[in-house]
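In what follows, a structure is listed as structure tokens, so that the remarks can point back to it.
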Amino acid sequence: MKNINISYLLMLVATVLFSSCISDLDVEPIDPNVATSNNVFENEAAYKEALAKIYASYAISGQKGSGGGDPDIAGIDENFGNYLRQYWGLQELSTDEAIIAWDDATIKNFHWQTWAPNDVFIAALYSRVFYSISVANEFIRNVDAAIEGGASGQFLTDLNAYKAEARFLRAFSYWHAIDMFGNVPFVTEEDLPGAFFPERITRSDLFTYIETELLDMQSSLVAAGANEYARADQGAAWMLLAKLYLNAQVYTGTDRSTDALTYLNQVIGASYVIDPTYENVFRADNHLSSEIIFPLAFDGTNTQQFGGMTFLLHASNGGGMPLNGIDGGWGGIRAIKDLANKFGASASDFSSGDPEFSAIADGRGMFYYDPSSWTWDITNVGTFTEGVGVTKFKNISSDGSAAPNAHPTFVSTDFPVFRLGDAYLMYAEAVLRGGSGGDAATALTYVNDLRERAYGNTSGNITSGELTLDFLLEERGRELYWEGHRRTDLVRFGQFTNGSMVWEWKGNTQAGVATDAFRNLYPIPSNDLNANPNLIQNDGY
């Protein structure tokens, strides 16, 4: 059984604590203020339960679990409206890593890069982001009231730690906002519940706010690697700071690679260790992996919903693929050939007798392709078996046994938001971008450490002359595919829209074409733009 002490059972209970005013926080115009009744925080234990609700907002999206019927946000199916499900879709489906066969609303527009401001999926993620921010704001207000009311001893210590975690989670969601939407509505615990139009904050000012929050709160978090599993610690804050700084050129126009290295060095110098087996980082007992810095935790018994990792494993399965611990595939998401090509794989490398192509030298490439029933090139986006299956995430344990708290439908595999392998590649990138505080020799060592794990020996190692930014963009694709990083990476490298990189069906053309640069940001959803006169639509929409 997973040792998730901040139990998602508590999360399901705690959801009720915030339900009274959440119904207005939906894909209709956003109300950023969440009120709670006076008796919610009636004892000390209630504060930890309420903190659990903030964590839960990334993994589940309603009050009733698998049955649904009481969602956090309205206007979209509860399971479609899941935070991770929508975040993953907007980060991956729009790139060279994934495509979807379904015809749900406008879902195909993401890979085609033809979305519009009235897109329901964009509005769903936008609402999820601000829902989590609102719940964090309300929690922080109540913690402050308890501290001002005379909390003392261990309770006071706990409250300060809980508040730091809530501030981290709020910064985490604001990072999603700055990365995907740019200039957004802005609310904190200082904005008391009531009817008002949130002010618009510019992307550069939001960068400063997130940076200031993380720098101020990091020392109040538990030491790196010392918190309960799936809760934020100093390592998570350092990693988020490094992410913020590495993307600062995009967010503010100013390179902050030196600052990124400052916090990457702290992450790398902490207790995290590269998992010796790459595949184990993505199995159902990955809570045991020494590599994961901050996950979103899932459990087959306690987080039963059709979003999150249940979506990711089921939607990516079909066409004869091995079930890997689930009870059936939904035939939705798969890779395009461009991803498999990064590993040197082609259609001729697979056979009906070996559809998972065990001979790929780079062990990170976990694909399925049966030439007797699949086609390598995609002529019909709506046919799941056109393209390449991905078997990276599995709902079985690293020793091949059943998942912890195994369920035939719901998944126990955690989603690795931040992990050390990413930090290694970020270090190399920051050095190549001219940052101080790192060196090229160490960068090369970190990259080759990952490649030695992938190849099982030194045959895949590169030389210093081969370590370039172009190489790193491709290597990030090989190391981190399907982990929710690709859109942000492609934007940072200038390749998401109008760069030299095209891929199958980019721009709604089979061969792929460049798209307009304004699509490096998603639009502010039309419903919120129409409701709040303080907001301004992003350029191009």
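The values are calculated or read from the model by the stated rules, or taken from the named source; none is laboratory data. Keep in mind that this is a model prediction, so the values were computed, not measured. Positions of Cβ are generated from backbone atoms using ideal geometry, with glycine treated the same way; all protein chains shown enter the neighbour counts. Surface accessibility is based on the protein's heavy atoms, side chains included, excluding ligands, DNA and RNA. Shrake-Rupley method; radii C 1.70, N 1.55, O 1.52, S 1.80 Å.
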Within 10 Å, count the other beta carbons around each residue, average over each peptide in 220-228, 175-183, 55-63, and list them highest first.
55-63, 175-183, 220-228
Give the Rg (one decimal place) followed by the Dmax (whole number) of segment 418-531, computed from C-alpha coordinates and expressed in Å.
17.1, 58
I want to make sure I understand the PRE zone here: with the label point 7 angstrom from the Cα of THR468 toward its beta carbon, which residues in segment 336-372 have backbone N atoms less than 20 Å away?
341-344
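Considering only Cα-Cα distances, which of the following residue pairs are longer than 29 Å: LYS392/LYS506; LYS53/LYS342; LYS163/LYS243; LYS53/LYS108? Don't jump to the answer; show the numbers that get you there.
Working: LYS392/LYS506 23 Å; LYS53/LYS342 39 Å; LYS163/LYS243 22 Å; LYS53/LYS108 32 Å.
Exceeds cut-off: LYS53/LYS342; LYS53/LYS108.
Just to confirm a number: summing +1 for Lys and Arg and -1 for Asp and Glu over residues other than GLU291 whose beta-carbon lies under 9 angstrom from that of GLU291, what do you get?
Values: positive: ARG419; negative: ASP275.
Around GLU291, the charge tally is 0.
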What FRET efficiency would be calculated for the residue pair ASP144, ASN534, taking the C-beta separation as r and a Förster radius of 22 Å, to the nearest 0.05?
0.25
Inter-probe distance in nm under a simple model that places probes 7 Å from Cα toward Cβ, at ASP516 and SER373:
4.2
Mean separation of Cα contacts under 8 Å (at least 6 apart) over the residue count of the chain, i.e. the relative contact order in percent, is 19
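Ignoring ligands, DNA and RNA, what percent of the accessible area of segment 358-505 is carbon or sulfur (1.4 Å)? The partial results should precede the final answer.
On the way: 2260 of 4660 Å².
Of all accessible area on segment 358-505, carbon and sulfur atoms account for 48 percent.
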Scalar couplings 3J(HN,Hα) for segment 479-486 by Karplus 6.51 cos²θ - 1.76 cosθ + 1.60 (θ = phi - 60°), nearest whole Hz, x for Gly and Pro, are 7, 10, 4, 6, 9, x, 10, 5
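Per the helix-only calculation at 222 nm, which mean residue ellipticity applies to the chain, given -39500 (n - 2.57) for every DSSP H run of n ≥ 4 and division by its residues, nearest 500 deg cm²/dmol?
Values: 17 runs with 200 residues, N = 541.
Calculated at 222 nm, the ellipticity per residue is -11500 deg cm²/dmol.
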Most to least accessible of GLU190, GLU479, GLU474 (protein chains only, probe 1.4 Å)
GLU190, GLU474, GLU479
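Please sort 260-267, 152-159 by packing, taking for each peptide the average over its residues of neighbouring beta carbons within 10 angstrom, highest first. Spell out each step's value before the answer.
On the way: 260-267: 24.1, 152-159: 12.5.
Packing proxy ranking, top to bottom: 260-267, 152-159.
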Just how far, in whole angstrom, is segment 74-131 from segment 232-250 if you go by their alpha carbon centroids?
25
Among 397-407, 293-303, how do they line up by average Cβ neighbours within 10 Å per residue, starting with the highest?
293-303, 397-407
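Expressed in nm to one decimal, what extension gain is obtained for the pair THR188 and THR301 from 0.36 nm per residue of sequence separation less their Cα-Cα distance?
37.3 nm
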Write down the radius of gyration of the chain and its Dmax, each obtained from C-alpha positions, in Å.
22.1, 70
Compute the relative contact order of segment 203-350 as a whole-number percentage, counting only Cα pairs closer than 8 Å that sit 6 or more residues apart in sequence.
14
